[in-house]
Structure formats: C-alpha cells, structure tokens
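Remarks on the structure that follows.
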Amino acid sequence: VNLRTVYAFAREMYPKRVNKDIQYGTAGFRGKAEDLDYVMYRMGLLATLRSRQTNGQVIGVMITASHNPEPDNGVKLIDPKGEMLEPRWEKLATDLVNVSDSELEAHVTKLIADENISITQSSHVFVGMDNRYHSPRLLKAVADGVIALKGCVKEFGILTTPMLHYLVVCANTRCAYGMPTEEGYYKKLITAFEDLRGDTLDNGNYKNLLLFDGANGVGARKMLQFLKRMKNSLNVNVFNSGQGKINHECGADYVKVQQCAPSGMPIAEPNTRCVSVDGDADRVMYFFTDENGVFHLLDGDRIATLIAGYLMDMVKECGIELNLGLVQTAYANGASTNYIVNELQIPVSCVPTGVKHLHHKALDYDIGVYFEANGHGTIVFSEKAKQEIKDVAENSENNQHKASASRFLKIIDLINETVGDAISDMLLVETILQAKGWDLKQWLATYTDLPNLQLKVKVQDRNVITTTDAERVCVTPNGLQDEINKVVANYKKGRSFVRPSGTEDVVRVYAEAATKDEADRLAYEVGVLVH
Ligand code: NG1
Ligand code: ZN
C-alpha cells in the first residue's frame, strides 16, 4: 500500500472542510450530508483497518441517518459478529475523523502501529446505504477509502440497516446463519413466516390485513420485495413508499414522538392494524384508530412484552427450562415494567440508551428480549437454548413437546438476532397475534401505559450533564438531581430523568405521571431546571 497516494487522494477528493469536532455517537456519525464526504472516506479507511485487525473478517459500513430528516445522512460500522462497533474503536473513529488533512498520514501510520495491524492481511468491507439522494455519493467515498488501503469492498446498494447486519454475520459464519445475499435474507424470513402461518390466515379477531407506513425509506422498498416473494400469506398495503420525503410526517419516530398517525395513509376502517417503520427499517411501531377516532400506539415496550410472554409460554410448552429475561432502558414506560415484573414475572434489567448496551445485556440470558421504547429491538438466543430446543424437536417422545419445539425453531429462524429489524419484528408480531387470535385492542388491554412526554432542551454544553444508574440519576451538575427529586415528589406516579442525547445537540427530558396533564407539567418543570 502506498500510503502517500492515500493521503494525496484524500486531500484532493475528500478534503476536511469542517473544523468543528464531531463524535461517533449512539448511532455513529450523523450530520448534514454535504459535510460528510471526508467522514465517509475516513470510515472506509477505518473499516479496512478494523477488518485487518480481526483477521480479515467482514466489517459492515451502513450509510444512513435513520429517522433524521432528508438533508441529513450518517454512517455506522458493524463489527464481525454483527454487533455495533466496539467502544474502543468508536474512540479511534472519532479521533480519525477529527484530525486535519495534514495530520491524517501520521495519524493512520500511528494507528496501524498502535493496534498492531498487519498491512498485508486481507480485508473485507460490505457497504450498504439507505435511499436518500446523497447516499450513492457517500457510498462512493467509503468505497474509495477501502480501495485506497487496498481492501476488498462489496457494495450492496440500497439495504435496510438490519439486512447489512445479517449479511455481515452470514459472511463471517460461513453461511451458518444464512446465505450472505439479499435473496438469502428474504428466503430465510419468508420460509419461516409462511411455515408458521399455515393456511388459515384469519383467526378469531386477527384479520389478515395490515397497513404499512414505509416512512418513504428503504423499509417500504424492501417490504415490496418481500411481498413479491410471498404467497399472499400476509395482506399488506404499503404507503409512504418513496414518493415523499424520507421520515417527513411519517415513520416510526414521528408516530412515537407525535403520538399520532402518519400522513400519507388513508383513513381506514376503525381498529385496522397499522404499522410504521423508520427510514432504515430498524424500528417498528404498531397503531390503530378506534371507532371514536382515538389514536392508540403500541410501542417497543409493548412489542417486548408480547414477545417475551409468548416465548415464555413456548419454553413451557417444550417442557424445558430456560432463563428468559427482558432488557429495557429508562425510557420504557413504567406500566410496562410493572406488567413484566408482576404479571409476566419475567426478570427485567435497565441499561443506558443505545442498542449496543441492550444487546450486550440480553446476551446474559438463555433467551434475551430487548427493546427500546422507540421500537428498536430483537431477541437473542444462547447456543445452549438453541441446542435444547433442537434436542426436543428431534428426540422428544412427547409429541406435544416435539411439535412446540419445531415451531420454536421456526420462530428463531424468523428473528434477525443480529440487530433490531423492523420487518422481521413485524412478521414475528403478526405470527403471535395470529396464534392468539388477537386484534390490537386485545393486545392494548394487557396493560395501560402511563401518560408521558419527551422534551428536547437546547443548552450551551449538553455534556455538563452526566448520569449514573442506567441514566436515571444525574451526577453533575451538582444539586440538579435533588431539584428533580423535589419536583417529582409532587406528582402521583411521577418519574422523570434527563440525559444528554448521543445523536443530537440537545438534552432529553422524559417524564411520566398519572395523567397526561401532569406528565406534561412535570416534563416542563424539569426542563426548566435543566435550562
Ligand atoms: P439519543 O439521541 O442518544 O437519545 C436516540 C434514541 C435511542 C437510539 C439512538 C440511535 C431515544 C430517547 N433515543 O438516541 O434510543 O435509538 O437515537 O438511533 O429514543
Ligand atoms: Zn433506524
């Protein structure tokens, strides 16, 4: 590798025009698309080095700004096991992006030496992008970075984020998880779904009709690809399929934060099942409007409780014992946590915001279910769990156990264990609702959410706020937590916390209380304390 060429090329094609330092946050780098070319090129360099350091395993680079507005874009790296980039490398990413053009050469040389990277080791990078109009230009920048260091780059074009995670894992496990192709992904999920679904599509109150809000993002495109390959096993009407602006008044984040239906969808029959995904299809939300025109949201907490309860029953039906746990963040509605602990009697843990924390904690269980309230989550199974279920399916003399275990194996196949996957999660929810014969009203009746509100507060430096106890308690500024406690004490069922966002330059305030009015007031009062 001629390093001189790498930097001459960088300076000429991808100069760093931005002086402000940026940070590899909760979901990689995000910002205005026109400021990101040098970031992408440098992430191409970094992914190549990371691949070399992990003995040539495939590293993923996803170009997306998820639920952000159309002018934004971003980039996140995927580690060999399909997980988010290791924290130490997040720091290396931040440092690499912030050095000046003239420091770049010395910086990379030092990184190679510090990390003991063999420059002759082969290197493989998979790149995917969402459907923003500036994504192809940024994808080329990533590819140029990889090629500059003589790495191998495979461009997959438009993908959902979870598809890229799947592809990385398949490639690094020599196809044990599935075929590392887009077709392989569809085939794995569709085969499992259609086997589970059987021939009788309607069941009880469950009706085979779903309205799908694709957020004008990749989720819509890929859902249409699914439908082309499915045997009418799910009747899906796709809206916001790409004519409008990505995430504009639609998508999972809009529906969750605004607590209303997206635009771009027709007024359906009351109680029709509707679903929204976000711009890169790693989050999912269910909702419906009832006969009185009232909007109801079934969010990530509720999806988690539905899945956890169902899987717990499946474990029992297989006649085995596995420890199943649920992982949430502080944003989980208090009512959902109560329901999990008291009704489902499943252990629950709370971790800091960001999927990597949830995923990591979920691995502590035989079956770990994790979801953020915003609809991002999945289920992970230990090798032990998979083996035990397989044993029952193959060898049990109890026919009922055997049949349940076979069904369980298909459920596992339907789940994208590598990361939260809106379409895979949705197909799982559809499977469970169909099995129970439930409509959304019955699902909603399992518990009642506490009214809540999230606010964003602009401050000079959001990082003066530091937290502990899974972000539920403020450590600094001194005295802030005492003030929050005093305010919260005035509210029945009151709970509130503040933390600096990892993806936006704001402090987030969350509050819940017995009534909507009180939740709103509590949020504003705490917001004032932060200001
Ligand atoms: P920040 O900006 O750190 O709150 C947001 C979401 C996270 C996660 C990331 C990545 C909330 C409150 N926060 O993080 O859950 O999804 O974006 O997309 O929803
Ligand atoms: Zn997303």
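The values are calculated or read from the model by the stated rules, or taken from the named source; none is laboratory data. Note that the structure is predicted; figures quoted are calculated from it, not measured. Counting neighbours? That spans all protein chains shown, and the Cβs are built from the backbone with ideal geometry, glycine included.
Take the conditions assigned by TED's automatic domain parsing to the domain that holds Val348, surrounded by fewer than 18 Cβ atoms within 10 Å (Cβ to Cβ) and away from ligand 1 (no atom under 16 Å from the Cβ) and apply them to Lys402. Does it pass?
yes
Can you pull out the residues in region 472-507 that are farther than 19 Å from Thr337 by Cβ and of a type in the set (Lys, Arg)?
Once the filter is applied, which keeps residues that are farther than 19 Å from Thr337 by Cβ and of a type in the set (Lys, Arg), region 472-507 yields only Lys486.
Test of understanding: among Pro136, Pro162, Pro180, which residue is buried (at least 19 other Cβ atoms within 10 Å of the Cβ), without any contact (Cβ under 8 Å) to a residue 60 or more places away in the chain and either under 25 Å from the mean Cα position of the chain (by Cα) or in a loop (DSSP other than H, G, I, E, B) (or both)?
Pro180
Can you go through Thr48, Thr109, Thr26 and tell me which one is within 16 Å of ligand 2 (Cβ to nearest atom) and of a type in the set (Ser, Thr, Tyr)?
Thr26
Would you mind stating whether Arg495 is touching a Phe, Trp or Tyr at 6+ places or on another chain (Cβ under 9 Å), farther than 22 Å from Gln258 by Cβ and away from ligand 2 (no atom under 16 Å from the Cβ)?
It is false that Arg495 is touching a Phe, Trp or Tyr at 6+ places or on another chain (Cβ under 9 Å), farther than 22 Å from Gln258 by Cβ and away from ligand 2 (no atom under 16 Å from the Cβ).
Could you check how many residues of region 9-67 are within 16 Å of ligand 1 (Cβ to nearest atom) and either surrounded by fewer than 19 Cβ atoms within 10 Å (Cβ to Cβ) or in a loop (DSSP other than H, G, I, E, B) (or both)?
11
So that you can scan it fast, the table gives a plain yes or no per residue for (1) among the charged types (D, E, K, R); (2) within 14 Å of ligand 1 (Cβ to nearest atom):
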| residue | (1), (2) |
| --- | --- |
| Val255 | no, yes |
| Cys274 | no, no |
| Asp280 | yes, yes |
| Tyr286 | no, no |
| Arg302 | yes, no |
| Leu311 | no, no |
| Glu317 | yes, no |
| Val348 | no, no |
| Leu363 | no, no |
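Hey, among the residues in region 83-100 that are free of Cβ contacts under 8 Å to residues at least 60 places away in the same chain and touching a Lys or Arg at 6+ places or on another chain (Cβ under 7 Å), which one's farthest from Val355 (Cα to Cα)?
Selected residue: Leu96.
I'd like to check something: does region 247-260 contain any residue that is loosely packed, with under 15 Cβ neighbours inside 10 Å, away from ligand 2 (no atom under 16 Å from the Cβ) and not in a strand (DSSP E or B)?
yes
For every residue, the table says whether it meets (1) within 16 Å of ligand 2 (Cβ to nearest atom); (2) surrounded by fewer than 19 Cβ atoms within 10 Å (Cβ to Cβ); (3) closer than 10 Å to Gln454 by Cα; (4) touching a residue at least 12 places away in the same chain (Cβ under 8 Å).
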site	(1), (2), (3), (4)
Asn485	no, yes, no, no
Tyr491	no, no, no, yes
Arg499	no, no, no, yes
Val507	no, no, no, yes
Glu512	no, no, yes, yes
Val528	no, yes, no, no
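Could you please find all residues in region 281-335 being surrounded by fewer than 20 Cβ atoms within 10 Å (Cβ to Cβ) and charged (D, E, K, R)?
Those that are surrounded by fewer than 20 Cβ atoms within 10 Å (Cβ to Cβ) and charged (D, E, K, R): Asp290, Glu291, Asp313, Lys316, Glu317, Glu321.
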